[in-house]
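What follows is a short report on a single structure.
Readers should treat all values here as calculations from the given coordinates under stated rules, not as data from a laboratory. Keep in mind the model is a prediction, meaning the values are calculated, not measured. Cβ atoms come from the backbone with ideal geometry, glycine included; neighbour counts cover every protein chain shown.
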Amino acid sequence: MELYYKDLISEEATLEKLVDDLMLVVQGVDELAKAAGVNLPKEPREEIATRLAGLKASCSRLKDQAFAGARATDRLVRQYPYSSLGLAFVVWFLVGAGLSRKR
């Protein structure tokens, strides 16, 4: 038996939205670099282009890794639902105990 909770996580706070926002920032920086790079010599312009390409590749790699981790976690939780629930409870309890000690 599987239960799905529709409103457990906000639809606006998804990983896809975060990565899309990062890509928009990269595109904005790319356009800014092109606009400001008109007066730059060739070497700094190429360095900016290289770093932007690296940033785009890093965003893409981050997205792929996050989705792979989410899929692996989903498979693990579906395969061992009670063990996952027990582990989550123990972690929750330890974090609560640690926070109550600090106060």
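Residues in segment 61-67 carry Karplus couplings, in order, of 5, 4, 4, 4, 5, 5, 5 Hz; the curve used is 6.51 cos²θ - 1.76 cosθ + 1.60 with θ = phi - 60°, and Gly or Pro positions show x.
Would you work out if segment 15-102 is rounded, prolate or oblate? Take a ≥ b ≥ c from the square roots of the eigenvalues of the alpha-carbon gyration tensor; rounded if a/c is under 1.5, else prolate when a/b is larger than b/c, oblate otherwise. Cα axes put segment 15-102 in the prolate bin. Between Gln27 and Lys42, the simple label model (points 7 Å from Cα in the Cβ direction) yields a spacing of 3.1 nm. With r defined as the distance between the Cβ atoms of Gln65 and Trp92 and R0 fixed at 25 Å, what FRET efficiency is calculated, to the nearest 0.05? So the FRET efficiency works out to roughly 0.45. A full extension of the chain between Ser83 and Leu18 corresponds to an added length of 20.4 nm, given 0.36 nm per residue minus the alpha carbon distance. Along segment 76-87 the Karplus relation, 6.51 cos²θ - 1.76 cosθ + 1.60 evaluated at θ = phi - 60°, assigns HN-Hα couplings of 5, 5, 5, 6, 10, x, 6, 5, 5, 5, x, 5 Hz to successive residues, with x for each Gly and Pro.
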